Amino acid sequence: MHRTYSMRQSRAPTASQIQNPPPPSSSTKANRLFGRANIGHTFRKSVHPGAFGPDLAKKLSALVKMEKNVMRSMELVGRERMEVAQQLSIWGEACDDDVSDVTDKLGVLIYEIGELEDQFVDRYDQYRVTIKSIRNIEASVQPSRDRKQKITDQIAQLKYKEPNSPKIVVLEQELVRAEAESLVAEAQLSNITREKLKAAFTYQFDALREHSEKMAIVAGFGKHLLELVDDTPVTPGETRNAYDGYEASKAIIQDCEDALTNWVEQNAAVKSQLSTRARTLSQRRAQRHQGGPVDLSGQDQHMDRESGLWIPAGEHKGGNEYEDDDEVDEEHAESVARGREDERVEAV
């Protein structure tokens, strides 16, 4: 930006970058045959996603390609936002002093938003690459599935045409080996899928959180800049007071830079707090999966079996937190079915 203090003059790493080093530049920014043109982006949008590759990996291939289109779009938005910032500063240069200074400083902030979006694309690419690794594992598992299915089909065909063929025994032995290989591959796929899925969306949500927090910081200081514009109505021929906000506007920009530089995830303003019910259910599930004891002493009151009376639902300590409603419904359906069957027997 011209004529003003710029947050991009210094490229010292921020506190967030020191704590969590930035990833390499996004793969969508490299290996372009036509520079920054979007010919490849347009081609990918016109081709049906997931039209190529093994059947098992087609759905995830479609997701990976769609995410690449998303990243191209975000990259384009970031570049155009920088151009908008420059044009805003150019337009404001010919206006009154207060409008000229404030629009120039607003251009600095908007340009910084474009820079933040460019950084967000790089971090978002970590998510996409991790999801892509799951797709590669799925593609590697497909041959073992195909081999097992092929041997199964050959055995079925031989049993139909030549029931006594000695090849059946050989093929059955091959099928046992193929099933063993398939079991190993499927187990690896299951484990890696869960590990990579959690890692991928951790990358995405961490990047989204940092991006959103920093965007909110820029927006807040932008509103402080707007306070420097004197919007008091004037009558024809009346002159406004001389503008004296140059140092104030520069200080606001410097404060914004400091806030962005010193931001770390621990200082995030927005906290995601679970409700008591959600936290209890999550802890109960974790205890079940870890094999630990689950305290159900407070779930229901003691029922007097001799009286045969049910305790009203509103008096239960557990409220509506039952998790076995399906089993209760099945038992009720079975009892009704037995009752109807008894009625038919008596009628006969």
Go through the range 266-283 residue by residue and turn each phi into a ³J(HN,Hα) via Karplus (6.51, -1.76, 1.60, θ = phi - 60°); whole Hz please, and just put x for glycine and proline.
5, 9, 4, 6, 9, 10, 9, 9, 6, 5, 4, 5, 5, 5, 5, 5, 5, 5
If you scale each eigenvalue of the Cα gyration tensor by 5 and take the root, what three semi-axes come out for the range 245-293, rounded to whole angstrom and sorted largest first?
47, 11, 4
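Over 25 Å between C-alpha atoms is what I'm after, so list which of LYS132/LYS198; LYS223/LYS250; LYS65/LYS214; LYS105/LYS214 land there. Don't skip to the end; give the middle numbers.
Numbers: LYS132/LYS198 13 Å; LYS223/LYS250 14 Å; LYS65/LYS214 28 Å; LYS105/LYS214 17 Å.
Check vs 25 Å cut-off fails for LYS65/LYS214.
Grab the eigenvalues of the alpha-carbon gyration tensor for the range 87-141, scale each by 5, take roots, and send me the semi-axes largest first in whole angstrom.
Values: eigenvalues 418, 11, 4 Å².
The answer is 46, 8, 4 Å, longest axis first.
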From the square roots a ≥ b ≥ c of the eigenvalues of the alpha-carbon gyration tensor of the range 179-223, which class results: rounded (a/c under 1.5), prolate (a/b over b/c), or oblate?
prolate
In terms of solvent-accessible area of protein heavy atoms at a 1.4 angstrom probe, what is the ranking of THR239, THR103, THR202, highest value first?
THR239, THR202, THR103
Using only alpha carbon pairs under 8 Å that are at least six residues apart, calculate the relative contact order of the range 118-223 and give it in whole percent.
49 percent
Under the rule a/c < 1.5 gives rounded, and otherwise a/b versus b/c splits prolate from oblate, where does the range 117-167 land using the Cα gyration tensor?
prolate
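Quick check: from the Cα gyration tensor, does the range 63-160 come out rounded (a/c under 1.5), prolate or oblate? Before the final figure, lay out each step's value.
Working: a/c = 11.11, a/b = 5.52, b/c = 2.01.
Note, shape of the range 63-160 comes out prolate.
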Quick tally, 1.4 Å probe accessible area for PHE205, PHE221, PHE120, sorted with the most first, runs PHE205, PHE221, PHE120
How much solvent-accessible surface does ARG279 expose, in Å² to the nearest 10, with a 1.4 Å probe and all protein chains in place?
90 Å²
With an 8 Å Cα cut-off and a minimum separation of 6 or more residues, compute the relative contact order for the range 58-108 in percent.
28 percent
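Among LEU116, LEU76, what's the order by accessible area (1.4 angstrom probe), most exposed first? Working shown, then result.
Working: LEU116 15, LEU76 55 Å².
Sorted descending by solvent-accessible area, the residues read LEU76, LEU116.
Calculate, for GLU227 and GLU93, the FRET efficiency according to 1/(1 + (r/R0)^6) with r their C-beta to C-beta distance and R0 22 Å; round to the nearest 0.05.
Working: r = 21 Å, r/R0 = 0.96.
Here the calculated transfer efficiency is 0.55.
What pairs from LYS59/LYS148; LYS68/LYS271; LYS59/LYS196 go past 18 Å between their alpha carbons? Write out the running numbers ahead of the final one.
Details: LYS59/LYS148 22 Å; LYS68/LYS271 30 Å; LYS59/LYS196 16 Å.
Table pairs above 18 Å Cα-Cα are LYS59/LYS148; LYS68/LYS271.
The values are calculated or read from the model by the stated rules, or taken from the named source; none is laboratory data. If you're wondering where the values come from, they're calculated on a predicted model, not measured in any experiment. Don't worry about glycine lacking a Cβ; one is built from the backbone with ideal geometry, like all the others, and counts go over all protein chains shown. All accessible areas refer to the heavy atoms of the entire protein, side chains included, with ligands and DNA or RNA removed. Shrake-Rupley method; radii C 1.70, N 1.55, O 1.52, S 1.80 Å.
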